[in-house]
Amino acid sequence: MGQALEPTLEELRLDLAPRIAAAAAFDGWSDSAVDVAAAEIGTDPALARFLFQDGAMAMIAAWSETITLQMKQALPAAQLSALPVRERIRRLV
């Protein structure tokens with residue numbers, strides 16, 4: 001069997017983001033929250049901190065990006081485009 005591929009830095013950033021958000025409830029948007037998230041997935045905390053070296057805004061932006069990706073997966077553009085505007089809004093909210 002082949003070896004599992006290591007995630008890209010972008011994949012790792014998006015994997016950490018929701019975990020950082022959950023930890024931020026206790027630790028704030030801080031390196032401590034990043035360390036907790038890194039421990040959850042078994043990633044080097046120094047690498048995780050590197051990915052979020054721009055601080056809280058980088059953490060929040062990544063978290064927001066994961067939410068956007070989840071919404072796009074839940075309601076693909078092709079599915080939404082067939083709906084009237086009012087129904088699009090209702091489903092997205």
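Which angle from 0 to 90°, rounded to the nearest 10, does the C-alpha axis of helix 9-27 make with the longest principal axis of the chain?
80
Roughly how many percent of the accessible protein surface of the chain is carbon and sulfur, given a 1.4 Å probe and a whole-percent answer?
So the carbon and sulfur contribution to the accessible surface is 59 percent.
Give the shape of the range 8-90 as rounded, prolate or oblate, defined through the alpha-carbon gyration tensor: a ≥ b ≥ c are the square roots of its eigenvalues, a/c under 1.5 means rounded, and otherwise the shape is prolate if a/b is larger than b/c and oblate if not.
In terms of gyration-tensor shape, prolate.
Rounded if a/c is under 1.5, else prolate if a/b is larger than b/c, else oblate: which is the range 54-93, with a ≥ b ≥ c the root eigenvalues of its Cα gyration tensor?
prolate
Could you give the length gained by full extension between M57 and R88, i.e. 0.36 nm per residue of separation minus their alpha carbon distance, to one decimal place?
8.2 nm
Can you give me the solvent accessible area of F50 with a 1.4 Å probe, rounded to the nearest 10 Å²?
Surface accessible to solvent at F50 totals approximately 110 Å².
Need one number: nm distance between label points at F26 and F50, each 7 Å from Cα along Cα→Cβ, rounded to one decimal.
The two pseudo-label positions are separated by 2.7 nm.
Could you compute the net charge surrounding P7? Neighbours are other residues with a C-beta less than 11 Å from the C-beta of P7; K and R count +1, D and E count -1.
Within the 11 Å Cβ shell, the charges total -3.
Give the relative contact order (percent, whole number) for the range 1-87; include only Cα pairs under 8 Å separated by 6+ residues.
Here the relative contact order equals 28 percent.
For the pair Q79/L9, report the inter-label distance in nm, with labels modelled 7 Å from Cα in the Cβ direction.
Rounded to a tenth, the inter-label distance reads 3.4 nm.
Residue by residue, what Karplus-based ³J(HN,Hα) values in Hz, rounded to whole numbers, does the range 77-90 have, using 6.51, -1.76 and 1.60 with θ = phi - 60° and x for Gly and Pro?
4, 4, 6, 5, 5, 7, 9, x, 3, 4, 5, 4, 4, 4
The values are calculated or read from the model by the stated rules, or taken from the named source; none is laboratory data. All values derive from a computational prediction rather than experimental measurement. A quick note on method: Cβ atoms are made from the backbone with ideal geometry, for glycine too, and the neighbour counts reach across all protein chains shown. All accessible areas refer to the heavy atoms of the entire protein, side chains included, with ligands and DNA or RNA removed. Shrake-Rupley method; radii C 1.70, N 1.55, O 1.52, S 1.80 Å.
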